[in-house]
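Participant: Please find one structure pasted underneath; my questions will follow.
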Amino acid sequence: MEKILISSCFLGNKVRYDGGDNLIENETIERWRRENRLVVICPELAGGLSIPRAPAEIQISDTSIAVKTIVGEDVTAAFEGGAQQALQLCERYNIRYALLKESSPSCGSSTVYNGEFNQQKIPGQGITTAILRANGVKVYSEKNLSVLINEFRSFELAQY
């Protein structure tokens, strides 16, 4: 049975940096949950960060990419570690699709915050998304959930 990697916060788990969630109430996601198709991860927790934690954003310079908190702590290693754990789950369960939180420094698939902590978004992808995509996993967000649902349905039908 084909599985989907999903951000833990989408299932109502209070794993956001501020202790909140990003619950998605969707009939298809509920069906996938009942069918045991969902493999759940919060890459930031998997990388060793706590709840609550300081907000973090990707910061890009001429020579490097880092993830830093609003107080200047470099948490890049934790983000990379969580991304590697997400990849290991995808490899273990042969996962081809992921539904991850848009704009997150881990999970963003088309936008991330600009690194200046001013609520401005820029085109980009999070650390986990980049690693998953580099390894062939198709990453979607809540913004294009319907595309994932349709593509997954087509993929499933093609398997029979």
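Only the coordinates and a few stated rules stand behind these numbers; no lab work does. Just so it is clear, the model here is predicted, and its values are computed rather than measured. Backbone-built Cβ (ideal geometry, glycine too); neighbour counts: all protein chains shown.
Participant: To make sure I understand the rule: partners must be aspartates and glutamates, Cα under 15 Å from the Cα of LYS143, and not fewer than 8 residues away in the same chain. Which ones qualify?
Facilitator: GLU25, GLU102, GLU151
Participant: Efficiency by 1/(1 + (r/R0)^6): what FRET value for ARG33 and ALA54, r their Cβ-Cβ distance, R0 = 22 Å, to the nearest 0.05?
Facilitator: Efficiency at R0 = 22 Å is approximately 0.10.
Participant: Find how many whole Å separate the alpha carbon centroid of region 1-74 from the alpha carbon centroid of region 86-160.
Facilitator: Result: 11 Å between the Cα centres.
Participant: Of GLU91, GLU25, GLU151, GLU57, how do they rank once you tally other Cβ atoms within 10 Å and put the fewest first?
Facilitator: Ranked by crowding around the Cβ, least crowded first: GLU25, GLU91, GLU151, GLU57.
Participant: State the extension gain, in nm to one decimal, for the chain segment bounded by ALA66 and LYS143, taking 0.36 nm per residue of separation less the distance between their alpha-carbons.
Facilitator: 25.2 nm
Participant: OK, next. Would you mind giving the average projected area, over all directions, of the Cα convex hull of region 59-144 in nm² with one decimal?
Facilitator: Here the figure is 5.8 nm², rounded to one decimal.
Participant: Additional query: Using only the Cα atoms of the chain, construct the convex hull and provide its projected area averaged over every direction, in square nanometres to one decimal.
Facilitator: Across all orientations, the chain yields a mean hull projection of 9.3 nm².
Participant: Straight distance only, please: which lysines reach the Cα of LYS138 with their own Cα at less than 23 Å, same-chain residues fewer than 8 apart left out?
Facilitator: Within the straight-line limit of under 23 Å, LYS138 reaches these lysines: LYS3, LYS101, LYS121.
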